[in-house]
Amino acid sequence: MAAPAPAPAPPDREEIVFLDVETTTPPRRVLLEFGAVVVCTRRLVDVSSYATLVRPADLDAVPDPTARCNGITRDTVVAAPPFRDVADNVYDSLHGRVWAGHNIVDFDSVIIRDAFAEIGRPPPEPKGMVDTLPLLTHWFGPRAGDMKLASLANYFGLGKQRHRSLDDVKMNIDVVKNCATVLFLEESLRGVVPTPQNMLADATIRTQGTSDPATNRDYNELVGSHVEEMMIDTTKQMDARSSGGSSGFVELDDVSTESIEIKVVVLHRSILRRIFHHKGAKLQLSCPGLEVRWVSTQFQPNLSIVVDIPDNLSKVLEFCDNLAQSESPEARSNSTWKPIIKRYGNATTRPTVRLKIAMTIVNGNTAMYSTQICQKDCNGVIPKLASRKVDAAELESLQGNKVDAFFSLEIYDYKAKAGILLVAKRLDVHFLRDQA
């Protein structure tokens, strides 16, 4: 049964609302529970809270008992209200506020939008979003392990995660408070008390910025590391509950340019990042059969490949390029905008784009590449357990072959240059020619 809805927030809605949803297991995600706590940003005290179970239209979608350890079964939700009956309360809790939560960009916010779409109503819109998964990964990881909420709670001795919406929201708030306190103390006692960075330097992973003064290399090579520091790493963000594979990536035939927009997400140091969204979720694309024109490994640790692209991908990327130029502050700055598509030779040659290999730096000098690479066999099938991390030597063998690419679009503005960077999350390599 639904808990009482919170009192309406004032028009300026200065508070932050922490939220969490519980759903059925993949492949179909059905909303089963919603929970939210509105927090005063000045005193970090709870202003109001709201939680409700939701009865799905199809009770057969709820396993009995459901997978995962939240204890929500058909018997639990059979007497709950349908989402249509609680939509007003959910909307009032969220609309016009800054949303916060663990992995909300790719999971919770998408579930909420889908729930409103199913009843034919416009979804609530956030003033901004604070995703605590990339935020805490940047500032606190990897001392707490995999940075899941359960791992963070265990690190701080907050008890076991219950996987119930309101409990998880309150745990998330406590985790953020604890992380902030520890980081504040470490900064205040710098040089007096050993910090994890001093004691466990070999376990600290940070993202590399570049100060390379080279001027003759492709600009994407120069800015790639800096952009990765600022962007939300979708590989880390993907909820462990996801079915994996190519989930979260949109095929070109399913892309509607009318549904592409730029959303604002709040990252660390209150930095506002502008991220492409498509139908309420972060825009990530998949495109099969891209021929690798050449591979760039000479500017290591930065790695990338240049691929020919088909007309349908070209149209989507040109739309994103124009949208970013017209709506983003990057385009109105003094930086020079770099087109995402490039043609080598005359105007009749196929358009090309550069796909950057996602990278982080370990121990200050060792590159770790997070792009996954899979090898298809001669029948186009990817064998089980074929996924692995890419490396420079293997990347060079791709030239002249074809790949199915899964990538994100990241807006950057760095060293007087701005544009869109394409970051490869996964490459499925077609049967290599030299193996034929």
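The values are calculated or read from the model by the stated rules, or taken from the named source; none is laboratory data. What you are looking at is a predicted structure, and each value in this text was computed from that prediction instead of being measured. Positions of Cβ are backbone-derived with ideal geometry, glycine not excepted, and every protein chain shown enters the neighbour counts.
The set of residues from the stretch 274-294 being out of contact with any Lys or Arg (no Cβ under 9 Å at 6 or more places or on another chain) and either over 23 Å from Pro351 (Cα atoms) or buried (at least 19 other Cβ atoms within 10 Å of the Cβ) (or both) comprises His278, Leu283, Leu285, Cys287.
Do you know which of the residues in the stretch 118-159 that are of a type in the set (A, V, I, L, M) and touching a residue at least 60 places away in the same chain (Cβ under 8 Å) is surrounded by the most Cβ atoms within 10 Å (Cβ to Cβ)?
The first filter runs over the stretch 118-159 and keeps only residues of a type in the set (A, V, I, L, M), leaving 119, 129-130, 133, 135-136, 144, 147, 149-150, 152-153, 158.
Okay, now just the ones that are also touching a residue at least 60 places away in the same chain (Cβ under 8 Å), so 129-130, 133, 135, 147.
On the way: Met129: 21, Val130: 21, Leu133: 26, Leu135: 20, Met147: 22.
Across the stretch 118-159, the extreme among qualifying residues is Leu133.
Looking only at the stretch 116-144, filter to residues that are closer than 27 Å to Ile275 by Cα and small (Gly, Ala, Ser); which one of those is modelled with the lowest pLDDT? Checking each candidate, the answer is Gly141.
Residue-wise test of (1) at pLDDT 85 or above; (2) touching a strand residue (DSSP E or B) at 6+ places or on another chain (Cβ under 6 Å); (3) over 15 Å from Ile420 (Cα atoms).
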residue	(1), (2), (3)
Asp218	no, no, no
Ile232	no, no, no
Ile305	yes, yes, yes
Val316	yes, no, no
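Residue-by-condition table, conditions (1) out of contact with any Phe, Trp or Tyr (no Cβ under 9 Å at 6 or more places or on another chain); (2) among the acidic types (Asp, Glu); (3) not assigned by TED's automatic domain parsing to the domain that holds Trp99:
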position: Asp146; (1), (2), (3): yes, yes, no
position: Lys160; (1), (2), (3): yes, no, no
position: Asp168; (1), (2), (3): yes, yes, no
position: Met171; (1), (2), (3): yes, no, no
position: Glu186; (1), (2), (3): yes, yes, yes
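Listed by first and then second residue, the pairs with beta-carbon distance under 9 Å, at least 6 apart or on different chains, first residue in the stretch 341-359 and farther than 15 Å from Pro310 by Cβ and at pLDDT 75 or above, second buried (at least 18 other Cβ atoms within 10 Å of the Cβ) and of a type in the set (Phe, Trp, Tyr), are Lys356/Phe407; Ile357/Tyr369; Ala358/Tyr369. Residue under question is Thr41, and the condition is that it be part of a loop (DSSP other than H, G, I, E, B), of a type in the set (Ser, Thr, Tyr) and under 27 Å from the mean Cα position of the chain (by Cα); does it hold? So Thr41 passes the test.
A residue that is surrounded by fewer than 16 Cβ atoms within 10 Å (Cβ to Cβ) and either in contact (Cβ under 8 Å) with a residue 60 or more places away in the chain or in a helix (DSSP H, G or I) (or both) cannot be found anywhere in the stretch 98-116. Reported count of residues in the stretch 384-410, each being among the hydrophobic types (A, V, I, L, M, F, W, C), outside any loop (DSSP other than H, G, I, E, B) and at pLDDT below 90, is 3.
So is Leu183 closer than 26 Å to Ala358 by Cβ, at pLDDT 50 or above and of a type outside the set (Val, Ile, Thr) or not? Can you show your working first?
Working: closer than 26 Å to Ala358 by Cβ: yes; at pLDDT 50 or above: yes; of a type outside the set (Val, Ile, Thr): yes.
Yes.
Anything in the stretch 396-422 that is acidic (Asp, Glu) and either surrounded by 23 or more Cβ atoms within 10 Å (Cβ to Cβ) or farther than 11 Å from Val307 by Cα (or both)? List them, or say none.
Filtering the stretch 396-422 for residues acidic (Asp, Glu) gives 396, 404, 410, 413.
If the condition is that a residue be acidic (Asp, Glu) and either surrounded by 23 or more Cβ atoms within 10 Å (Cβ to Cβ) or farther than 11 Å from Val307 by Cα (or both), then Glu396, Glu410, Asp413 are the ones that fit.
Taking the condition under 18 Å from the mean Cα position of the chain (by Cα), outside the structural domain of Leu283 (by TED's automatic domain parsing) and under 22 Å from Ser48 (Cβ atoms), does Thr132 pass? When the stated conditions are applied, Thr132 passes them.
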